[in-house]
Amino acid sequence: MGIDTQGMGAPMTPEEAAKFKNSKKEYQPATVTPRRLFTPSMAKELKILINEVLDEREGKMDYQTYFDPIPFRHLVTEEEPPYDGYQCDLVG
């Protein structure tokens, strides 16, 4: 008993080899999931930041900035207060 190093498989009988050779498998291309530099939560914060900068430039900054942490203080047992400024539709 030995291992066929060419195919890295165990030895086959001629019947098994013929059966294997005649079995056609349909080619299934791999699914590629693109990698992103930023996590969904980082992308959400970047989107909020960009929109806040554009609002500030246009003089529309009539809401609390997301990046000032003081208004968002909360106890560990509580949820973070909601951000009522620019609403981002990204899940994060």
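Which of the residues belonging to the stretch 54-70 are part of a helix (DSSP H, G or I) and exposed (fewer than 11 other Cβ atoms within 10 Å of the Cβ)? Selection gives ARG57, ILE70. Pairing residues of the stretch 62-83 that are basic (Lys, Arg) with residues that are part of a loop (DSSP other than H, G, I, E, B) and surrounded by 10 or more Cβ atoms within 10 Å (Cβ to Cβ), at Cβ distances under 9 Å and at least 6 apart in sequence or on separate chains, gives ARG73/PRO81.
Any read-out appearing in this document is the output of simple, stated calculations on the displayed coordinates, not a laboratory observation. Computed from a predicted model, the values in this text were never measured in an experiment. Please note: Cβ atoms are built from the backbone with ideal geometry, for glycine as well, and neighbour counts cover all protein chains shown.
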